[in-house]
Amino acid sequence: MFKIKKKDVILHTIPNMNIEIEDIVRAAAPSLAVLALEYEIANCPTSDALWAEVEAAAADIRARFAIDQINKRPAIAATRAAYKALGKEPNRYRPAAEALCRRAVKGAGLYRVNAAVDIINILSMLSGYSIGGFDIDRIDGPVLRLGRGQCGEPYQGIGRGDLNIEGLPVYRDATGGIGTPTSDHERTKITESTRRLLILTNIYGPEMPADEYEALATRLLSTYCHAHLISKFYT
């Protein structure tokens with residue numbers, strides 16, 4: 001079902017697609033585990049019921065953490081450590097989970113996007129993990145490689161425009177980068193027309209147990225996006 005090479009660890013994730021973790025990332029984050037979940041979904045606008053779950057998750061984070069404690073959460077601290085090991089300053093380019101939690105604690109409010117994206121934001125806040133959410137039909141080719149962003153590498157972050165990804169962990173398909181812990185790429189982003197969803201949860205350091213995380217993801221997606229889990233892989 002999946003292959004292991006000497007130089008790269010390859011995870012079988014979905015039919016006809018592999019994920020490869022390059023040596024430079026494995027050296028910077030030796031404890032990294034990846035949970036890959038593929039769903040068929042009927043994405044839609046965020047309902048009031050789902051938005052209440054988003055607000056409940058934000059309230060939970062606000063009740064549990066002061067602003068100076070967020071970057072010390074095990075999952076977030078481990079992601080930041082990977083940034084530093086790869087040469088990126090995490091206070092300038094915060095992981096998205098950290099940025100979301102900071103907004104929650106400050107009471108700044110979150111953006112209402114669509115059901116699948118807002119569910120991933122709930123998962124991100126509650127777990128602290130780096131989560132990439134992708135429209136599978138927009139991914140180019142059968143391989144995703146997790147490597148290090150290069151100087152001058154072009155990358156259009158969602159809602160951010162040109163993003164300097166040098167030193168960030170970055171997933172690349174045959175065309176280029178599609179996901180970093182700071183921002184995913186415009187090209188493969190989740191829209192209301194997305195019907196095949198790939199969630200890559202990058203566990204740089206453990207916090208929420210993987211089975212609990214998967215159960216929460218599946219409950220939310222099945223409730224609000226009529227989702228069915230098609231395949232998964234964890235290592």
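The values are calculated or read from the model by the stated rules, or taken from the named source; none is laboratory data. All values derive from a computational prediction rather than experimental measurement. Virtual Cβ from ideal backbone geometry, glycine too; neighbours counted across all protein chains shown. Protein only, heavy atoms only, side chains kept; ligands, DNA and RNA dropped before computing areas. Shrake-Rupley method; radii C 1.70, N 1.55, O 1.52, S 1.80 Å.
For beta carbons closer than 7 Å, sequence separation of 6+ or different chains, a first residue in the stretch 66-80 that is among the basic types (K, R) and a second that is surrounded by 12 or more Cβ atoms within 10 Å (Cβ to Cβ) and part of a loop (DSSP other than H, G, I, E, B), the qualifying pairs are R73/G128; R73/E207; R80/P90; R80/P95. Taking (1) more than 12 Å from the chain's Cα centre (by Cα); (2) surrounded by fewer than 23 Cβ atoms within 10 Å (Cβ to Cβ); (3) at pLDDT 95 or above in turn, V117 satisfies each apart from (1).
Does at least one position in the stretch 8-30 carry a residue that is polar (S, T, N, Q) and modelled with pLDDT of 95 or more? Can you show your working first?
Just the residues of the stretch 8-30 that are polar (S, T, N, Q), to begin with: 13, 16, 18.
Subset that is modelled with pLDDT of 95 or more: none.
Checking the stretch 8-30: not a single residue is polar (S, T, N, Q) and modelled with pLDDT of 95 or more.
Comparison of I158, I178 shows that the only residue that is of a type in the set (V, I, T) and open to solvent by 60 Å² or more (accessible area, probe 1.4 Å) is I158.
The set of residues in the stretch 55-100 that are closer than 19 Å to P206 by Cα, open to solvent by 10 Å² or more (accessible area, probe 1.4 Å) and of a type in the set (A, V, I, L, M, F, W, C) comprises F65, A77, A78, A81, A85, A96, A99, L100.
For E166, the conditions (1) acidic (D, E); (2) under 16 Å from the mean Cα position of the chain (by Cα); (3) open to solvent by 10 Å² or more (accessible area, probe 1.4 Å) all hold with the exception of (2). Contact map, the stretch 210-221: residues that are farther than 17 Å from E38 by Cβ paired with residues that are among the small types (G, A, S), Cβ distance under 9 Å, separation 6+ or inter-chain. Pairs shown: E212/S127.
Looking only at the stretch 18-53, count how many residues are in contact with a Gly (Cβ under 8 Å, 6 or more places away or on another chain) and either of a type in the set (D, E) or outside any helix (DSSP H, G or I) (or both). Give the derivation first.
Restricting attention to the stretch 18-53, the residues satisfying the condition of being in contact with a Gly (Cβ under 8 Å, 6 or more places away or on another chain) are 22, 24-25, 31.
Adding the requirement that they be either of a type in the set (D, E) or outside any helix (DSSP H, G or I) (or both) leaves 22, 31.
Total satisfying the criteria: 2.
Name the strands (runs of 3 or more DSSP E) wholly within the stretch 152-235 that hold at least 2 residues that are under 23 Å from K84 (Cα atoms) and in contact with a strand residue (DSSP E or B) (Cβ under 6 Å, 6 or more places away or on another chain)? Lay out the reasoning, then the answer.
Values: elements: 169-172, 177-179, 196-203, 228-234.
In the stretch 152-235, 169-172, 177-179, 196-203 are the strands (runs of 3 or more DSSP E) which contain 2 or more residues that are under 23 Å from K84 (Cα atoms) and in contact with a strand residue (DSSP E or B) (Cβ under 6 Å, 6 or more places away or on another chain).
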